[in-house]
Structure formats: C-alpha cells, structure tokens
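Participant: Sharing a structure, written as structure tokens. Questions coming.
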C-alpha cells in the first residue's frame, strides 16, 4: 500500500512540474502515473548500471555528473512514453532537480514517527 501511495505522490509531482515548466509536457494524469512508474523502473534497473559505468567521471565532477544521468533517464522515459515529452536536456536537468526536491517534500509527509512515547 505504501508503494502505491508513493507512486501516486510521484505522479502528482510529475503532473505539477509539467504544469509549471514550459519544456515538460504531460497529456494527463494517467500519463503522469505511467511516467512515475517508468521512472521508478528505470531508477531501479538502469541507473545502477549507469552509475557504475560512469563512476570515474562522477568522482572527478564531485557527483555533479549524477544530474546528467538523471536527465538521461528522464529523456529515456520521454522516448518510451507517448504522453510525456521533454524538449531538451536542460529542461530534463531542471525537471530532475525539481522532481527530486518535490518528491522528498511529499514523501516526508508519509514518514511516521517510530518513537512511541
């Protein structure tokens, strides 16, 4: 149940950012849900491989190359999903950064205090 709630929160974040950013387009809320699922799958399967392959350049750039990796994953999702479009890599980088911030804000509402008094 927690996974479904997180995916729906991610879809809300994708939909909101597509509304705010001019270079990112989502056809509807169903497309935003599909984008959230596809990005989750890409982050689970493809991102670890890219991180390992680009580890030297990531270390040299002190981790800033991770922005490019995230943008490339978003552009890959753009190619895989018909209802989702990102104009160029700069919009993908901005979308990636803002999506990470918005996701962490939305997911912070889900965290419960494990310390019971």
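Only the coordinates and a few stated rules stand behind these numbers; no lab work does. From a predicted model like this one, the values you see are computed outputs, not experimental measurements. When we count neighbours, we look across all protein chains shown, and the Cβ atoms used for this are built from the backbone with ideal geometry, even at glycine.
Participant: Using only Cα atoms, locate the centre of the stretch 91-113 and the centre of the stretch 12-76, then give the distance between them in Å, rounded to an integer.
Facilitator: If we compute the Cα centre of each part, the gap is 12 Å.
Participant: Next question, about the same structure. Can you sort 104, 31 from fewest to most other Cβ atoms within 10 Å of each residue's own Cβ?
Facilitator: Values: 104 10, 31 20.
By the 10 Å Cβ count, ascending, the order reads 104, 31.
Participant: Once you have a ≥ b ≥ c as the square roots of the Cα gyration tensor eigenvalues for the chain, tell me rounded if a/c is under 1.5, and otherwise prolate or oblate according to whether a/b is larger than b/c.
Facilitator: Note, shape of the chain comes out oblate.
Participant: Under a crude label model (7 Å from the Cα following the beta-carbon direction), how far is residue 59 from residue 45 in nanometres?
Facilitator: Here the answer is 2.9 nm between the modelled labels.
Participant: Could you list 84, 15, 109 so that the one with the fewest beta carbons within 10 Å of its beta carbon is first and the one with the most is last? Present the calculation step by step, with values, prior to reporting the outcome.
Facilitator: Numbers: 84 22, 15 18, 109 9.
By the 10 Å Cβ count, ascending: 109, 15, 84.
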